[in-house]
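Step one of this worksheet: look at the structure below.
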Amino acid sequence: MIELYTANTPNGVKIPIALEELGLDYQLIKLNLAAGEQKRPAFLALNPNGRIPVIVDLDGPAGQPISVFESGAILLYLAQKSPGLLPEDAFARWRAMEYLFLQVSAVGPMFGQAGWFLRSAAQPIAVAIERYCSEAVRLTGVLEARLSEHPWLAGAEYSLADISHFGWLRVADYAGVELSRFPAVQDWVARISARPAVQRAFARLQ
Ligand SMILES: N[C@@H](CCC(=O)N[C@@H](CS)C(=O)NCC(=O)O)C(=O)O
């Protein structure tokens, strides 16, 4: 059994989607981020960075419980635990890794900062909005180029790379990205949204 601490946010949706895709049993523990539940000592003991998502696998390595934080690390942990999120072909597998790391190192941080400066900053800071929003648009262009040539980010197969990016791209508007300018990404978002596992994950996150 896996305990999943998460919320319905761009990073938070990745792990229930992965768990549903793999058909793994999990207990969903929804945190109220606005109330600061992610900063409580019991949660900080699992993730000293005070952010969701986090999992605790009660049946971890050698049957021992293990906690894992950072969505990219959790996706890789799940891919190792149960086949289905990473292509078996070595070339496609490394494409999946590339796009997973692109998401956690660039798309997530840039979209997050773009949205924060656009919507949450106490006063508008034009240079920050320009920098982060233009990066969010540029990165969406990188995905558009890939998805114009391949159905999924790793190539022919849906993988953890798609799950990782989907959380942010489905709410691209938050970061000032007009998705209609990126038809291949828009179509990819629609195809992922229609997957039964994705719909089950959102139903549980309600
Ligand atoms: N790099 C982290 C980012 C996690 C993250 O930023 N989570 C947000 C929700 S999308 C969060 O917990 N926000 C609450 C806070 O910052 O206190 C990951 O991919 O897991």
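The values are calculated or read from the model by the stated rules, or taken from the named source; none is laboratory data. Bear in mind that the values here come from a model prediction, so they are computed numbers and not experimental data. Every residue, glycine as well, gets a Cβ built from its backbone with ideal geometry; the counts of neighbours run over all protein chains shown. The protein model used for the area step is the full one, side chains on, heavy atoms only, and it has no ligands, DNA or RNA in it. Shrake-Rupley method; radii C 1.70, N 1.55, O 1.52, S 1.80 Å.
When a/c is below 1.5 the answer is rounded, else prolate if a/b is larger than b/c, else oblate, so apply that to the range 90-195 with a ≥ b ≥ c taken from the square roots of the Cα gyration tensor eigenvalues. Present the calculation step by step, with values, prior to reporting the outcome.
Values: a/c = 2.33, a/b = 1.88, b/c = 1.24.
Note, shape of the range 90-195 comes out prolate.
Couplings 3J(HN,Hα) for the range 82-89, derived from phi with the Karplus relation 6.51 cos²θ - 1.76 cosθ + 1.60 (θ = phi - 60°), are 9, x, x, 9, 10, x, 6, 4 Hz, where x marks Gly and Pro. Couplings 3J(HN,Hα) for the range 141-156, derived from phi with the Karplus relation 6.51 cos²θ - 1.76 cosθ + 1.60 (θ = phi - 60°), are x, 5, 5, 4, 4, 5, 6, 6, 10, 9, x, 10, 5, 7, x, 7 Hz, where x marks Gly and Pro.
What is the dipole size for the chain, taken about its Cα centre, with +1 at each Lys and Arg Cβ and -1 at each Asp and Glu Cβ, in debye to the nearest 20?
On the way: 18 positive and 20 negative charges, 104 e Å.
Charge dipole of the chain: 500 debye, to the nearest 20.
Taking the helices alone, the chain has a mean residue ellipticity at 222 nm of -15500 deg cm²/dmol, built from -39,500 (n - 2.57) per DSSP H run of at least 4 residues and averaged over all its residues.
Given a cut-off of under 8 Å on Cα pairs at least six residues apart, what relative contact order in percent is computed for the range 90-195? Walk me through the numbers before you get to the answer.
Numbers: 113 pairs, mean separation 36.8, N = 106.
Computed value for the range 90-195: 35 percent relative contact order.
Working note: Cα atoms of the chain, range along each principal axis, descending, whole Å: 49, 44, 27. Counting only DSSP beta bridges whose two residues both lie in the chain, roughly 65 percent are antiparallel. In the chain, once you exclude exposed GluC sites (Glu not before Pro) (DSSP loop, at most 16 other Cβ within 10 angstrom), what's the longest stretch remaining? Longest site-free region, per DSSP loop and neighbour criteria: 89-177.
Heavy atoms of the protein chains alone define the surface here; on that basis the chain has 49 Å² accessible area per residue at 1.4 Å probe size.
Along the charge dipole of the range 49-138, Cβ charges K/R +1 and D/E -1, which of LEU75, PRO65, VAL137 sits furthest on the positive end? Toward the positive end, the furthest listed residue is VAL137.
The label-point distance for ARG138 and ALA190, in a model that sets each label 7 Å from Cα toward Cβ, rounds to 3.0 nm.
If you take the square roots of the eigenvalues of the alpha-carbon gyration tensor of the range 1-73 and sort them as a ≥ b ≥ c, do you get rounded (a/c under 1.5), prolate (a/b over b/c) or oblate? Note, shape of the range 1-73 comes out oblate. Less than 20 Å from a label point 7 Å out along the Cα-to-Cβ axis of ASP25: which backbone N atoms in the range 43-78 qualify, by residue? The answer is 55-68, 78. Here the 3J(HN,Hα) profile of the range 2-15, calculated from phi with Karplus coefficients 6.51, -1.76 and 1.60 at θ = phi - 60°, is 10, 8, 10, 9, 7, 7, 7, 9, x, 7, x, 7, 4, 6 Hz, Gly and Pro shown as x. Rolling a 1.4 Å probe over the protein heavy atoms of the range 1-158, with every protein chain left in place, gives an accessible area that is 55 percent carbon and sulfur.
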